[in-house]
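Asks: Let me begin by handing over the structure; questions about it come next.
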Amino acid sequence: MARTALVTGGSRGIGAAISKALREAGYTVAATYAGNDEAAAKFTEETGIKTYKWNVADYDESKSGIERVEADLGPIDIVVANAGITRDAPFHKMSPQQWKEVIDTNLTGVFNTIHPVWPGMRERGFGRVVVISSVNGQKGQFAQANYAATKAGDLGIVRSLAQEGAAKGITVNAVCPGYIATEMVMAVPEKVREAIIGMIPAGRLGEPEEIARCVGFLVSDDASFINGSTISANGGQFFS
Ligand code: CAA
């Protein structure tokens, strides 16, 4: 039977490319989204991938959402914690609200996504978890103290859970995308974006599919001994 994969934030941007790549690789895929019903309906119509609406920042919503997915599609074997937001501001202008929203979604949201599926993975002796972090979690970024803190924190979660899950057949890895051509990056002012592209040795933004292929590898049987690792896919912008 095909393995079941859950991709949070899986109907747009990098998440949509991941959902599609996993489906093409033969997995049964559920994609979550937070608010845009229209985009999610269009995504399902175009791809046949089922979408589920919940806020990853809310533990109870995540837990009951995951129960719905498992009732529909069977136990979740693969989790890709991809959902994330930005609330960029220089630190002296960053509000407590901007700090909290990003922490709740990008950091606590990863806990909320993995925690409900973890006991089942342990019981079944198999699991693949991939967390989408960021180059900016590795190096920090102007106006992203909140975002960089969460993405660095995500790597801490990955490296801890890799140690906890290993004996139970679960691998937990991270992908750190660089600047990828998505709505999130296109929202950066053009002048700033051009300056950032100038700092990428590849001289271009990445494509969502270039991240999806990393995830496809990490969840496959070929990656069975890779655990607690980070794949950086950033066009040479940063080495860690
Ligand atoms: N490095 C150095 N200086 C920078 C800078 C940078 N990366 N970005 C902006 N600045 C400077 C500006 O040139 C400007 O300088 P001056 O005051 O001398 O003109 C100053 O910072 C901006 O100050 P403002 O008070 O005008 O800032 P603002 O309140 O209008 O905020 C901003 C503007 C939010 C910082 C905007 O410039 C921005 O969005 N920057 C990009 C931040 C970024 O890279 N975000 C990544 C989003 S994509 C993502 O997160 C995905 C991923 O994982 C890679």
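The values are calculated or read from the model by the stated rules, or taken from the named source; none is laboratory data. The structure presented is a predicted model; accordingly, all values stated were derived computationally and were not measured. FYI the Cβ positions are ideal-geometry reconstructions off the backbone, even for glycines, and counts take in every protein chain you see. Just the protein is used for accessible areas: all its heavy atoms, side chains included, with ligands, DNA and RNA removed. Shrake-Rupley method; radii C 1.70, N 1.55, O 1.52, S 1.80 Å.
Asks: Kindly provide the set of residues from the range 182-206 that are at pLDDT 95 or above, loosely packed, with under 15 Cβ neighbours inside 10 Å and in contact with a helix residue (DSSP H, G or I) (Cβ under 8 Å, 6 or more places away or on another chain), ordered by number.
Replies: Those that are at pLDDT 95 or above, loosely packed, with under 15 Cβ neighbours inside 10 Å and in contact with a helix residue (DSSP H, G or I) (Cβ under 8 Å, 6 or more places away or on another chain): G203, R204.
Asks: Return the pair list, or none, for Cβ contacts closer than 7 Å from residues in the range 128-142 that are of a type outside the set (D, E) to residues that are assigned to a strand (DSSP E or B) and near the ligand (Cβ under 10 Å from one of its atoms), at least 6 apart or on different chains.
Replies: Correct list of pairs: I132/P177; S133/C176; S134/C176; S134/P177; V135/C176; V135/P177; G137/C176; Q138/C176.
Asks: Further question: Out of (1) within 16 Å of the ligand (Cβ to nearest atom); (2) in contact (Cβ under 8 Å) with a residue 24 or more places away in the chain, what's the single condition that is false for S95?
Replies: (2)
Asks: Scanning the range 7-16 for residues that are crowded, with 24+ Cβ neighbours inside 10 Å and not polar (S, T, N, Q), which turns out farthest from A187 (Cα to Cα)?
Replies: V7
Asks: Is it true that L107 is open to solvent by 40 Å² or more (accessible area, probe 1.4 Å), under 15 Å from the mean Cα position of the chain (by Cα) and within 15 Å of the ligand (Cβ to nearest atom)?
Replies: In short, yes.
Asks: Please determine, by comparing only the residues of the range 111-156 that are of a type outside the set (G, A, S) and assigned to a strand (DSSP E or B), which one is farthest from the ligand (Cβ to nearest atom).
Replies: R128
Asks: If you scan the range 166-205, which residues turn out to be assigned to a strand (DSSP E or B) and more than 23 Å from I85 (Cβ to Cβ)?
Replies: I170, T171, listed by residue number.
Asks: Would you say N106 is in a helix (DSSP H, G or I), touching a Gly at 6+ places or on another chain (Cβ under 6 Å) and not hydrophobic (A, V, I, L, M, F, W, C)?
Replies: yes
Asks: Next question, about the same structure. Might you check whether a residue that is open to solvent by less than 40 Å² (accessible area, probe 1.4 Å), assigned to a loop (DSSP other than H, G, I, E, B), of a type in the set (S, T, Y) and in contact (Cβ under 8 Å) with a residue 24 or more places away in the chain occurs anywhere in the range 32-39?
Replies: No; the residues of the range 32-39 include none that is open to solvent by less than 40 Å² (accessible area, probe 1.4 Å), assigned to a loop (DSSP other than H, G, I, E, B), of a type in the set (S, T, Y) and in contact (Cβ under 8 Å) with a residue 24 or more places away in the chain.
Asks: Checking A202 against (1) more than 10 Å from the ligand (Cβ to nearest atom); (2) touching a strand residue (DSSP E or B) at 6+ places or on another chain (Cβ under 8 Å), which single condition isn't satisfied?
Replies: Here A202 clears every test but (2).
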